[in-house]
1. Search the range 12-29 for residues being away from the ligand (no atom under 16 Å from the Cβ) and open to solvent by less than 10 Å² (accessible area, probe 1.4 Å), and hand back the single one that is nearest to Lys308 (Cα to Cα).
2. Mind listing whichever residues of the range 200-218 are open to solvent by less than 30 Å² (accessible area, probe 1.4 Å) and either basic (Lys, Arg) or touching a Pro at 6+ places or on another chain (Cβ under 6 Å) (or both)?
3. Restricting to the range 251-264, count the residues that are of a type outside the set (Phe, Trp, Tyr) and in contact with an Asp or Glu (Cβ under 8 Å, 6 or more places away or on another chain).
4. Any idea how many residues of the range 265-311 are among the small types (Gly, Ala, Ser) and either free of Cβ contacts under 8 Å to residues at least 24 places away in the same chain or part of a helix (DSSP H, G or I) (or both)?
5. Hey, can you tell me all the residues within the range 29-84 that are small (Gly, Ala, Ser) and within 13 Å of Leu119 (Cα to Cα)?
6. Consider only pairs whose beta carbons are under 6 Å apart and that are at least six residues apart or on different chains; among these, list those whose first residue lies in the range 6-33 and is closer than 14 Å to Pro300 by Cα and whose second residue is open to solvent by less than 10 Å² (accessible area, probe 1.4 Å) and more than 16 Å from the ligand (Cβ to nearest atom).
7. Answer yes or no as to whether Gly323 is in contact with a Gly (Cβ under 7 Å, 6 or more places away or on another chain) and in contact (Cβ under 8 Å) with a residue 12 or more places away in the chain.
Amino acid sequence: MGQSPNTDWFADARLGIFIHWGIYAVDGTSESWSFHNRETTYAQYMSQLQRFDAARFNPDAWANLIAESGARYAVLTTQHHDGVALWNTKQRTPSSQKGLWNTQKPLSTVHQSPAARDLVTPFVQAIRSKGIRFGAYYSLLDWSHDDYPGFLKDGTRYKIANDSLRWNRFLQFMHAQVEELSMQFKPDLFWFDGDWEHSENEWQAAKVRALCEKGNPQVLLNGRLKTYGDYDTPEQNMPVTRPASKVWELCMTINNNWGYRPSDTNWKTPDEVIRIYTEVLGMGGNLLLDIGPRADGTIPAEGEQVLKALGRWNRKHAEAVYGTREGLPYGHYHGSSTLSKDSTALYLFIPSVKGGNQEGQVQVMLKGIRNQVVKCEVLGTSEPIQVKTVGKISWSTVPGTLFMAVPLAGMDEHMTVLKLQLDGPLRLYSGKGGFAD
Ligand code: JFZ
C-alpha cells in the first residue's frame, strides 16, 4: 500500500460521471469485449479507427452537462482494453497484424483516426474550469499490444513465465503511459481496470502507484490495482450491506452498456437512478454514473435526460447530499438516509408515491433516536412537519418512537427528503426494548 491519501473530497463528492468514449462507438459494438469475445473480428473492430471523427465533440457542452447533473468529478476512458489512447501518447504499440493501423506511430486517436487530435486535454480543461475533478480511467491490460499475453478470450500470445523479457517490454510501455497521464494531467483520481488478468507482482503495482503519485501526491486510486487501491469499486451490482472500505463507489450504466450502443434501449428511468443513488448515499458510497457518447462526440438524449433529472434533484436537496456521510444503521428507519458530517442533521429519503391521492400523507416512523428533534421540515418546501413521540415511558431511558406525517402535496416527484435537525450529535438506542438499556 502507498501512503494513505486524503479521501475527504471524494467522500464529499457523492456523484461522479463516468464516460466511456472510444472507437467502439462508431459501430455501436461493445467496448473492446466484442472482438475479445469473438462477436466481431479484430480487423473489423479496429476498422472503426478509420471512422472515428469526434466531429461534433464539444468539451464545454460535456462539462456543462456534468456540472448540471451535480457531479463533482468525472472519469474518462483515456484508454480501454482495445489499447486505443485518446490522448497524444508517445508510446508505440507493436502489432503483428499489419495494415490495421500505422504501427510506426502510437495507437491513438491523434495519429490513427480522422479525429486527429488529443481528446483528453480539452476535456480535462473544460471540467476543471468548472471545478469538477478529473479521473483518468486506464486499462492496465492491452489486448492490442503484441507483448501483452491476452488477446482473444480462448488463448494467449505467450506465458510470462516463458518469456519475461517480452512481459517486461509490455510493462515498460504500460508504466510509461501511466507516467504520461500522471505528469500531463495530474489526475485527482486514477481509475484502473483490467487488473484481474495478472498478479500485483506482475503488474508491479507498487511502481504503478508511485507513478500516479509522481504527478499528484494526493491522487486517489480505485480498487482495481489489486491491494494498491484506495476504495472498493463494485460494478453494476448494488451492495446489500455497506462495503468494507471507508469510502467506496458504485459504477453503473444508465442502460445496459458502458459505451454507445444504439441497440440497447433498456434505459433506467430517472426515478430508478435517483432511488439507487440515494440508496448508495445512505450506505456511505458515491455513484459513478456512466454515459456513452457517440463517435461524433454527441451525447444520447436518454442519458442527458437522466443527468438533468439528477441535477434538478441534487440542487433541491444539496444539503442532504454533498458532504454528508452514511445514514442510520439498519433497523431505525425503513429506507435510506444520510447524516451531516457532525451528525446533528438527519436526512430521511422518502420514495415518491405515484398516482396517489394528493390529499393523503405518508407516515414516516423512526425508532431508537435518543436526541430531541429541534426542527423537522421537507427540504425544498417551507412546510414544518410535526414530530409526534409515541410510546415513551416517562421513567425509562429508552426513547419513544417518532411519527411524522408528510403531506403528499409537498412531495418531490422522485424522492422527498425529510430533514430532522437534532439537539446535538446523533445518539442511538439499539437495545431490545427492555425498560433499562
Ligand atoms: C470493466 C470493463 O471490462 C468494462 O468494459 C467497463 O469498462 C467497466 C467499467 O469495467 O468491467 C468488467 C470488469 C471485470 C469483468 C468484466 C467486466 N470480468 O472479470 O469479467
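1. Per the criteria, the residue is Leu15.
2. Within the range 200-218, Arg209 is the sole residue that qualifies.
3. Initially, the range 251-264 is screened for residues of a type outside the set (Phe, Trp, Tyr), giving 251-257, 259, 261-264.
Within this subset, residues satisfying the condition of being in contact with an Asp or Glu (Cβ under 8 Å, 6 or more places away or on another chain) are 251-257, 259.
Residues meeting the conditions: 8.
4. Applying the first criterion (among the small types (Gly, Ala, Ser)) to the range 265-311 yields 282, 284-285, 292, 295, 297, 301, 303, 309, 311.
Now restrict to residues that are either free of Cβ contacts under 8 Å to residues at least 24 places away in the same chain or part of a helix (DSSP H, G or I) (or both): 282, 301, 303, 309, 311.
Total satisfying the criteria: 5.
5. Step one: of the range 29-84, the residues small (Gly, Ala, Ser) are 30, 32, 34, 43, 47, 54-55, 61, 63, 67, 69-71, 74, 83.
Correct list: Ala54, Ala55.
6. Partner pairs satisfying both residue conditions: Val26/Phe52.
7. Details: in contact with a Gly (Cβ under 7 Å, 6 or more places away or on another chain): no; in contact (Cβ under 8 Å) with a residue 12 or more places away in the chain: yes.
In short, no.
Let's see how each residue does on (1) within 19 Å of Met252 (Cβ to Cβ); (2) in contact with a Leu (Cβ under 9 Å, 6 or more places away or on another chain); (3) away from the ligand (no atom under 16 Å from the Cβ); (4) in a helix (DSSP H, G or I):
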site: Phe10; (1), (2), (3), (4): yes, yes, yes, yes
site: Glu31; (1), (2), (3), (4): yes, no, no, no
site: Glu39; (1), (2), (3), (4): no, no, no, no
site: Asp53; (1), (2), (3), (4): no, no, yes, no
site: Phe57; (1), (2), (3), (4): no, yes, yes, no
site: Leu76; (1), (2), (3), (4): yes, yes, no, no
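The values are calculated or read from the model by the stated rules, or taken from the named source; none is laboratory data. Here the structure is a predicted model, which is why all the values come from computation and not from measurement. Neighbour counts run over all protein chains shown; Cβ positions are idealised from the backbone, glycine included. Please note that ligands, DNA and RNA were not included when accessible areas were found on the heavy atoms of the full protein model with its side chains. Shrake-Rupley method; radii C 1.70, N 1.55, O 1.52, S 1.80 Å.
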